[in-house]
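Scroll down for the structure; my scribbles are underneath it.
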Amino acid sequence: MGPALDHPTGDEEHFAAIFQQYKNLVYKTAYLMLDDVGEAEDALQEIFLQVHKALSTFDPEKGAFTTWLYRIAVNHCLSRRRNRRLFTVPLDRVAPSSPAEFPPDYRSVEDEETLRQALGRLSEKLRAVVILRYYLDLPYAEIAQVLDIPVGTVKSRLNLALRTLRRELDSLEGNIPTARHVPSPREVAE
Amino acid sequence: MKCPEVTQLLVAYLDNELTLYERASVQKHLERCEACQQELAALAALRSRVSRFLRVRAAQAVPSPQAWSCLQEKLARQASPLLPWFPASLQCLTQNIGRIHQTLTGGAKMMKRGLAFTILVAVLVALAAVAFVPSVRAQVGDLLPFRWFRFGGPGGGVEVSVPGVVEFTPLRPAYLPEGFQAMAVGLNPEVASLNYWNSATNQILMIDQQLVSTKSLPSGTKVTVKGEPAVLITGLEGSVAFVSLPPTPAAPTRPDQDEPRPAQETSPLEPVTASSAETISYTDGKQLIWYVGNVRVSILSNLPVEEMLKVAESMVPAEVEPHHP
């Protein structure tokens, strides 16, 4: 433990408890947002550094703690994706078998892999609402708070996200051969 | 309600997020519209599939057992800065140097070039001010030496200084294929980004280095770089935008040097303005990824694989030892 934590105060113990309670949730959210184990690990560190720094500013009268935490986590992940935006393959591809078994021009027929690719083609904004709704099960009003957007925008983004996913899946699962790792142009969010 | 209105509400209908009036209207429409019923069924199936996929994928994701200890170390470092009075604005500057990339090829919304230029120029000016404004440098340099890094490029190279704590020593390529005409450097305590391009052949070479706490190699063709495991991913396409900076004049004196070096040897960053921007699209991109200690190195390029490997094998530490006259 470093100097700041040699003599744990109530605040530090509180922070440690928060970390232990929410680390899995934050990590999984970051992993889904960033689709990369290494990035998710780094994001977990950075998110909780921000949480540590801003913990004293959290006002329970303004909303739930989880909403506040999700906002920090999602904004950080959105920022990471924007700042490192390269149309490359995610670094932690969870392949169903070893790479040698897949020639460069294979066509994916794995349901999960296809959906993963389709989700990867969503913009950051659309991906965020999909994860907040269909993984974290947040109501639209809370998603709106997390992302600081109107509820109507949440509604339209989710609508656009699912339709975009359907179009991408039709393309990926159809009879159009695609080279591995070749992404398509991203959807304009709005 | 008509079909176009209803279809816009179907996802929210499935999510039970409509107002009572909207829900009643949608239900009434669905009772007599088979097309919208089919659309609803398709969306419902997709929604379930997405939800199931995210849960399965999340279930596989577990943070590293070292996450807490890593966080404690970072908190301890933050609590005991080497330079407590180091201006927060300068700390922010050293942590926010970045590069401009475009990744979308058609139709996608991106950061506007004008804003990107402004941010980049502002960061370069601030960095140069930190590095070269005598009063600032004297205050900082007396208590905390700069670390200088030299990155090869046209005209002899560029030296970049980073004040304060730098978490790792970035690498630079000792070998560059012929014809690369310009470069951009992004540097902060945990990330180094070196970008080269050859506008005559439309080739790019983008070298990213990032300090990480967890190592993992993606799936791809297994290769080695200097005996270390590496992965090569092929078939990438995208586009990048580079800000073209005009050539810099002779270097001013470094803190540990009495006389400036000749211009052809050093050309450190000075306040400059972007002279142009180039967007290069590629369809035959490859990415080479490996680790050097705790630094993840990534080379993205549309060079032939042999050239990429040659660049990777030539990577050496970029730090320049202080010059003692």
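No lab work stands behind these numbers, since they all come straight from the coordinates. Because the structure is a prediction, the values reported are computed rather than measured. Here Cβ is always computed from backbone atoms with ideal geometry, including for glycine, and neighbour counts include all displayed protein chains.
Bridging of residue B:2 to lysines at a Cα separation below 24 Å is possible for A:155, B:28, once same-chain residues fewer than 8 apart are set aside.
Apply 1/(1 + (r/R0)^6) to the Cβ-Cβ distance of residue B:199 and residue A:20, taking R0 = 56 Å, and write down the FRET efficiency to the nearest 0.05.
Using R0 = 56 Å, I get an efficiency of 0.60.
Computed on region A:120-160, with alpha-carbon pairs under 8 angstrom and 6+ residues apart, the relative contact order is 39 percent. Shielding by partners for peptide A:42-48, expressed as the average number of C-beta atoms from other protein chains within 10 Å of each residue's C-beta, is 5.
Put a dot 7 Å past the Cα of residue B:64, heading toward its Cβ, do the same for residue B:8, and the two dots end up 4.7 nm apart.
Relative to the current alpha-carbon distance between residue B:313 and residue B:16, full extension at 0.36 nm per residue lengthens the span by 101.3 nm.
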